[in-house]
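Chemist: What follows is a structure written as structure tokens; I'll ask about it next.
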Amino acid sequence: MVLPDKATADGLVQAAHLAEVRGRSLWADARIRFFRNKAAVGALIVLTLVAIFAFFGGFIAQYERDFVDFALMGANQTQGVPSIETGHYFGTDSSGRDLYARTVQGTRISLLVGIVGAGVAVIVGTLYGAVAGYFGGRIDSIMMRTVDVLMSIPFMFVLILMLVIFGRSILMLFIGIGLISWLDMARIARGQTLTIKNKEFVEAAVATGVAPMMIILRHIVPNLLGIVIVYATLLVPGMIITESFISFLGLGVQEPNTSLGALISAGASQMQYGVIWQLLFPLFFFIITLFAFFFVGDGLRDALDPKDR
Amino acid sequence: MFSFIVRRIAVAIPTLLILILISFVLMFAAPGGPFTNERPLPEAVMNNVMERYGLDDPYPVQMFNYVKNIVLHFDFGPSFQYRDRTVNDVIAQGFPVTLTYGFWSFVVAIGVGVSLGVAAAIRHNSWLDYLAVGISIGAQVLPNFVMAPILLLVFTLWLGWLPGGGWNGGQWNYVIMPVIALSTSYMASIARITRSSMLEVLNSGFIRTAKAKGLPMRRIIWRHALKPAMLPVLSYLGPAFVAMITGSVVVDVYFSTGGIGQFFVNSAFNRDYSVIMGITILVGALTILFNLLVDIAYAWIDPKIRY
């Protein structure tokens, strides 16, 4: 046997070090794709700013959101104009309350509703869809028929009926929105599960005797994650619109709390008195938040779901 | 085809019953009854009131009677808050209005949405295409309750062209803003769906064959491409109907058009359970009926669809 001399061996080791490429996971790939998408990154920055505004903006507010300045009540057209000096950055509303503090709170509630709704959709919808898809057969058809039936009900009306019967509160709104939000997600998760469950690694798990629920939790759900994240992001604006719709009608979030829908409604009812800022500030935050979520969702879809291009 | 329709109806009826069941369960689960006030009624009065409205029967009996009255007499029962008004009165007063502007908003949404989508697909990657895509993205963040104040601001307060609300027997200038506010968001969806399905059809083999045999472009689009491209739009009409009827609540409240939504929201504030339930169930029934018609139309146009 001919041993290579030392120089050659060292060279080989060096070459091996040079050739060693750090493996990239699918997630890292997706991250790179996402950050190449300028619109999505821009939207993510906007979204971060909106979130900072919603959760920390209250610290620079000069007034409490429910503080009524009686001197300004009914005089907001002349004295409640947005200005830095008075501390009412966004002006005041018709009751003399600081619109800045209220917009901060409204944005926060709207964001929370969107995120909680999407969170429920992710947890319930993914599990429901994965179970239906994995077991298949009669269980699947019963579970998915139920989803079909629930989807063909005009849910806004049932939601309002619920709010009337159980009282109008944020909690009820969260529950109501959570109840519908998972339907679409269940369908998407089921469709994906149908393709995943025939893969070899699931077969291996079945062969080694892993329990069905364990297979769903450990092997199916992690592989659904990409598509679930995409649709969860796209669900958030829908949830925000639903909440704002109900609050616009006055049936959602109640005083002294507020949400963007309630603020838009209040602004819309006051705009003929020349206090246009009362509509424009909440509307601005509403629109940029929705836009940002749509673009981030789109970017995530391109990044995580490459076949959908 | 016939068995398909029968099977489809066999699904529709339980759906409706489930809706009624959900409404009833919600109502029975309510803390207190419809007549629980801050100042409680004397027990004897309460008992009489409960008997008058049949609320002392067992729950299943109540539900059965309710469904029976709707099916046999189309009677949704009395209003719980107004003695001189039944739910039927409310429906008779509000529904024609809602259906009038709902119909026009459908016409506008389909007409404008489909032409925009087709134009965008034919002139793919031109300014027209970008305009259509831009409109459909923009309209996503302008739901009806945002559109309504903006329209009012521009056309009533600034330009003074259109009246700010009311119905006036459905005179055209009173109908315009409700129709635009209502149709924008699903017009955008229709445009987007039409564009993508038209692009797909235009790239398929039979269109290439039609081009190869020298047919003029106009004829290819009208005769060959439009029909298959319309199928996804057709299946979107069900969700669009739900969006329309839901949006009508905002339109009614905002423009005081006097449609079903105005009664719905007023009843929601008055806790007038029977009116809310009647409207919910009727709207649900209409939605289910509309979905049924869409599915049958779909199966009729595209015989490959059977489920």
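Chemist: In a solvent-free Debye calculation with one equal scatterer on each Cα, what is log10 I(q)/I(0) for the range A:83-142 at q = 0.18, 0.20, 0.21 Å⁻¹, listed in the order of the q values?
Modeler: -0.73, -0.80, -0.83
Chemist: Working out 0.36 nm times the residue gap between B:LEU293 and B:GLN93, then minus their Cα-Cα distance, what length gain in nm do you get to one decimal?
Modeler: Result: 69.5 nm gained on full extension.
Chemist: Relative to 2.2 N^0.38 Å, what does the C-alpha radius of gyration of the range B:204-253 come to as a ratio? Two decimals please. Present the calculation step by step, with values, prior to reporting the outcome.
Modeler: Numbers: Rg = 17.9 Å, N = 50, 2.2 N^0.38 = 9.7 Å.
Rounded to two decimals, the normalised Rg is 1.84.
Chemist: How about the range B:99-168: which chymotrypsin sites (Phe, Trp or Tyr not before Pro) there lie in a loop by DSSP and see at most 12 other Cβ atoms within 10 Å? Mind showing how you got there, number by number?
Modeler: Working: sites: B:TYR101, B:PHE103, B:TRP104, B:PHE106, B:TRP127, B:TYR130, B:PHE145, B:PHE155, B:TRP158, B:TRP161, B:TRP167; in loops: B:TRP161, B:TRP167.
Loop-located and lightly packed - B:TRP161.
Chemist: Tabulate in residue order the Karplus-calculated ³J(HN,Hα) for the range B:271-279, using 6.51 cos²θ - 1.76 cosθ + 1.60 with θ = phi - 60°, rounded to whole Hz; enter x for Gly and Pro.
Modeler: For the range B:271-279, the Karplus-derived couplings read 6, 8, 3, 5, 5, 4, 5, x, 5 Hz, x marking Gly and Pro.
Chemist: Now for a separate question. For the range A:118-214, just list the percent of Cα-Cα distances falling in each 10 Å bin from zero outward, please.
Modeler: 15, 37, 27, 14, 6, 0
Chemist: Going by how many other beta carbons lie within 10 Å of each one, how would you line up A:THR103, A:THR86, A:THR195, fewest first?
Modeler: Ascending number of Cβ neighbours within 10 Å: A:THR195, A:THR86, A:THR103.
Chemist: Let me ask you something else. Between B:GLU200 and A:LEU26, what is the spin-label point distance in nm, taking each point 7 Å from the Cα along the Cα→C-beta axis?
Modeler: Going from the B:GLU200 label point to the A:LEU26 one covers 2.4 nm.
Chemist: Further question: How far apart, in nm, are two points set 7 Å out from the Cα along the Cα-to-Cβ line at A:ARG36 and at B:TRP161?
Modeler: 4.6
Chemist: If you don't mind, there's one more thing I want to ask. Output the direction-averaged projected area (hull surface divided by four) of the convex hull of the alpha-carbon atoms of the range B:148-216, in nm².
Modeler: With every direction weighted equally, the projected area is 7.4 nm².
Chemist: Which parts of the range A:86-103 would a label at A:ILE60 reach, counting a residue when its backbone N lies under 17 Å from a point 7 Å out along Cα-to-Cβ?
Modeler: Within reach of a label on A:ILE60, which here means backbone N under 17 Å from a point 7 Å along Cα→Cβ, the range A:86-103 contributes A:86-91, A:99-103.
Chemist: Let me ask something else about it. Which value results for Rg/Rh of the range A:191-282 when Rg is the Cα radius of gyration and Rh the Kirkwood radius based on the inverse mean 1/r?
Modeler: Result for the range A:191-282 is an Rg/Rh of 1.38.
Chemist: Further question: For the ranges B:49-59, A:177-187, A:258-268, what's the packing order if you count other beta-carbon atoms within 10 Å of each residue, average per peptide, and put the highest first?
Modeler: My ranking of the peptides, most packed first, is A:258-268, A:177-187, B:49-59.
Chemist: As a footprinting exposure proxy, order A:VAL164, A:VAL206, B:VAL233 by other Cβ within 10 Å, with the fewest listed first.
Modeler: Details: A:VAL164 23, A:VAL206 13, B:VAL233 20.
In increasing order of surrounding Cβ atoms, one gets A:VAL206, B:VAL233, A:VAL164.
Chemist: Follow-up question, since we're still on this one. Using only the alpha-carbon atoms, what does the range B:97-142 span along each of its principal axes? Please give whole angstrom values in decreasing order.
Modeler: 41, 23, 9
Chemist: Then there's this: Quick one: what does P(r) look like for chain A with 20 Å bins over all Cα pairs, in whole %?
Modeler: Bins of 20 Å from zero give 26, 44, 21, 7, 1, 0 percent of pairs.
Chemist: To continue, here is another question. Run the quick spin-label model on B:VAL133 and A:ALA7: label points 7 Å from Cα toward the beta carbon, then report their separation in nm to one decimal.
Modeler: Rounded to a tenth, the inter-label distance reads 6.0 nm.
Chemist: For B:THR86, what residues show an amide H to amide H distance below 5 Å, using hydrogens built from the backbone and excluding near sequence neighbours?
Modeler: Residues meeting the criterion, in which the H sits 1.01 Å from N, are B:SER79.
Chemist: Excluding B:GLN93 itself, what net charge comes from residues whose Cβ is under 15 Å from its Cβ, given Lys and Arg +1 and Asp and Glu -1?
Modeler: -3
Chemist: Let me ask another. Output needed: percent of Cα pairs per 10 Å distance bin for the range B:1-110, bins running from 0 to the one holding the longest distance.
Modeler: Distribution as computed: 11, 29, 33, 19, 7, 2 percent.
Chemist: Counting pairs of Cα atoms in the range A:169-215, how many percent are more than 17 Å apart?
Modeler: Within the range A:169-215, distances greater than 17 Å cover 55 percent of Cα pairs.
Chemist: Give me the tail of P(r) for the range B:265-307 as a percent: Cα-Cα pairs with distance above 15 Å.
Modeler: 58
Chemist: What is the mean number of Cβ atoms from other protein chains located within 10 Å of the Cβ atom of each residue in peptide B:135-143, rounded to a whole number? Write down the numbers at each step before the final one.
Modeler: Working: counts 0, 0, 4, 2, 0, 6, 11, 4, 11.
Average per residue, whole number: 4.
Chemist: With N set to the residue count of the range B:167-295, report its C-alpha Rg divided by 2.2 N^0.38 Å to two decimal places.
Modeler: Here the Cα radius of gyration is 1.45 times the empirical estimate.
Chemist: Turning to a different aspect of this structure: Need one value for A:233-240: mean number of C-beta atoms belonging to other chains within 10 Å of its residues' C-beta atoms.
Modeler: 1
Chemist: Using Cβ counts within 10 Å as a stand-in for footprinting exposure, how do B:MET198, B:MET27, B:MET1, A:MET172 rank, fewest first? Write down the numbers at each step before the final one.
Modeler: Details: B:MET198 26, B:MET27 21, B:MET1 10, A:MET172 17.
Ordered from fewest to most neighbouring Cβ atoms within 10 Å, B:MET198, B:MET27, B:MET1, A:MET172 come out as B:MET1, A:MET172, B:MET27, B:MET198.
Chemist: When the convex hull of the Cα atoms of the range B:226-307 is projected onto a plane and the area is averaged over all directions, what value comes out in nm²?
Modeler: If I average the Cα hull's projected area over directions, I get 6.7 nm².
Chemist: What is the Å³ per residue value for the convex hull set by the Cα atoms of chain B?
Modeler: 172
Chemist: So, in Å, what gap is there between the alpha-carbon centers of the range B:207-265 and the range A:204-230?
Modeler: Between the Cα centre of the range B:207-265 and that of the range A:204-230, the gap is 40 Å.
Chemist: For the protein assembly as shown, list log₁₀ I(q)/I(0) at each q in 0.06, 0.08, 0.12 Å⁻¹, using the Debye formula over Cα point scatterers of equal strength and ignoring solvent, two decimals each.
Modeler: For the protein assembly as shown, the Cα-only Debye profile gives -0.39, -0.68, -1.45.
All of the numbers you see were taken from the coordinates with simple rules; none came from a lab. Just so it is clear, the structure is predicted and the values come from calculations on it, not from any experiment. Ideal geometry is used to build each Cβ from the backbone, glycine not excepted, and the neighbour counts take in all protein chains shown.
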